[in-house]
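The values are calculated or read from the model by the stated rules, or taken from the named source; none is laboratory data. Since this is a predicted model, take the numbers as computed values, not measurements. So basically every Cβ, Gly included, is an ideal-geometry build from the backbone, and we count neighbours across all protein chains shown.
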Amino acid sequence: MSALKKGDLSPSEKELFEVITAGNVQEASRLLGCKDVRVNCLDEYGMTPLMHAAYKGKADMCKLLLQHGADVNCNEHEHGYTALMFAGLSGKTDITWMMLDAGAETDVVNSVGRTAAQMAAFVGQHDCVTVINNFFSRARLDYYTKPQGLEKEPKLPPKLAGPLHKVIMSTNLNPVKMVMLVKENPLLAEVEALDKCRRVMELICEKCIKQQDMNEVLAMKMHYISCVLGKCASFLKDREDKLDGLLKSLLKGRDSDGFPVYQEKFIRECIRKFPYCDATLLQQLVRSIAPVEIGNDPTALSVLTQAITGQVGFMDAEFCTTCGEKGAEKRCSICKMVIYCGQACQKMHWFTHKKVCKKLQEQREKQEAEAAKLRMQQNKEESKAVQDATDSMQELSVDTSSEVTPSNTAAETETSDPASTPAAGN
Ligand SMILES: [Zn+2]
Ligand SMILES: [Zn+2]
């Protein structure tokens, strides 16, 4: 492989770079079948065809190249950029995901010392940052499904790897959503299974901290998942209403304003119980959360989510009040103040929302009335301003009347008279 020289391309390889830029997948497929085309050839800057396709945001092309054995970790670029970095820069989450799934290393840095996640953040591609920071390959989890050393049994029964991987890959850290994921899978929703999963989460957490290039973000996420699974197990053991009881506890709002106190306290406790006290991330989280009175912003969930997924705030998208899923569009028809991703979530939340719904409705109506009053006032002020402007224009036309013909002046004054202003007639 080291025989590859930058810019040393056969005519067909030169053509391949051209069809990638043009996005012609069919032609690229034909060229990749040619004898004189190497899938990992390098252009003069040390870019591979895969890097080009990733940078141009062409998902089908990336897929084709990977199928033909493109090396996702090729690192010959003149500034040390990898295919994953180019994917992150393109802002395409599907391509970013594809590179990770193909085994892209996340910790490689370019010539200015930035990782792919940092590069993506630098250019504002936060969705790609989220994908990179939360990626944990199925292969890394599957390691625990095979007996190691003297073990007779693996730490993780193979049938649990799928459902557990789904929980790990969720970028929605709302504990309600996580409990829902556990509840929907009968294999997982069982005390013994949960205990095994927890143990594996703790092992991965430890590994993330102790490995050479420490990954505190992933460690915190694994620890948090372990805490949620532990809570599930304890409700399954001790409570008759099982996981439904846990969901209710997490959703129950306090009487004064409907704020879910149990959920807030639970997440704070999870963070505080992080076993590696020296971790910078832990200290940052505690510093952000400790001074906040329960019920005020930021919530522990928003602080944790930002730290782990890189999502800044919960402002630019609508999130389900119950499960925290992005893109919720259904509004409570009475108060119109809370939103849900669907009817199931609305139904689940009603037992506690009904206590504050009326209050919220009154609040909204009051706000709307005030807004309407303000608008009317503004309109009045605006018409007053228009009136003043008209008056001064009239004065102006009077002043300049000696310079223009009287008939013109009259016409101008008339057209500049805003007919829509009621006061204009005075
Ligand atoms: Zn929901
Ligand atoms: Zn309501």
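Descriptive notes on the structure:
- Cβ-Cβ distances below 6 Å connect the following pairs, each with a first residue in the stretch 156-176 that is more than 16 Å from ligand 1 (Cβ to nearest atom), a second residue that is outside any loop (DSSP other than H, G, I, E, B) and of a type in the set (Gly, Ala, Ser), and a separation of six or more residues or different chains: 160/193.
- Filter pass, residue 307 being aliphatic (A, V, I, L, M), away from ligand 2 (no atom under 14 Å from the Cβ) and farther than 30 Å from residue 118 by Cβ: no
- Residue match in the stretch 304-321 (condition: among the charged types (D, E, K, R) and either within 16 Å of ligand 1 (Cβ to nearest atom) or on the phi > 0 side of the Ramachandran plot (or both)): yes
- Test: residue in the stretch 191-213 that is touching a Gly at 6+ places or on another chain (Cβ under 7 Å) and in contact (Cβ under 8 Å) with a residue 40 or more places away in the chain: no
- Considering residues of the stretch 336-356 that are crowded, with 19+ Cβ neighbours inside 10 Å and over 17 Å from residue 248 (Cα atoms) only, the residue farthest from ligand 2 (Cβ to nearest atom): 341
- Taking each residue of the stretch 103-123 that is in the same structural domain as residue 79 (by TED's automatic domain parsing) and looking for partners that are of a type in the set (A, V, I, L, M, F, W, C) and in a loop (DSSP other than H, G, I, E, B) with beta-carbon atoms closer than 8 Å, six or more apart or interchain, yields 103/72; 104/72; 106/135; 115/108; 115/109; 116/104; 116/108.
- Subset of the stretch 320-334 [hydrophobic (A, V, I, L, M, F, W, C) and either crowded, with 19+ Cβ neighbours inside 10 Å or more than 10 Å from ligand 2 (Cβ to nearest atom) (or both)]: 320, 323, 328, 332
- Search result, residues across the stretch 325-337 that are part of a loop (DSSP other than H, G, I, E, B) and more than 7 Å from ligand 1 (Cβ to nearest atom): 327, 329, 332, 333, 334, 335, 336, 337
- Scanning the stretch 248-272 for residues that are part of a loop (DSSP other than H, G, I, E, B) and exposed (fewer than 13 other Cβ atoms within 10 Å of the Cβ) yields a count of 3.
- Filter result (free of Cβ contacts under 8 Å to residues at least 40 places away in the same chain and surrounded by 19 or more Cβ atoms within 10 Å (Cβ to Cβ)) within the stretch 20-37: 28, 31, 32, 37
- Those residues of the stretch 338-361 which are more than 16 Å from ligand 1 (Cβ to nearest atom) and among the aliphatic types (A, V, I, L, M), in sequence order: 356, 360
- Criterion: more than 16 Å from ligand 1 (Cβ to nearest atom), under 40 Å from the mean Cα position of the chain (by Cα) and at pLDDT below 90 - qualifying residue of 378, 367, 394, 387: 378
- Any hit, the stretch 190-202, residues being within 16 Å of ligand 1 (Cβ to nearest atom) and under 24 Å from residue 325 (Cα atoms): no
- Taken over the stretch 86-113, the criterion of being surrounded by 19 or more Cβ atoms within 10 Å (Cβ to Cβ), of a type in the set (Gly, Ala, Ser) and not in a helix (DSSP H, G or I) is satisfied by 102, 104.
- Meets criteria (assigned to a helix (DSSP H, G or I), in contact (Cβ under 8 Å) with a residue 12 or more places away in the chain and touching a Cys at 6+ places or on another chain (Cβ under 8 Å)) for residue 285: no
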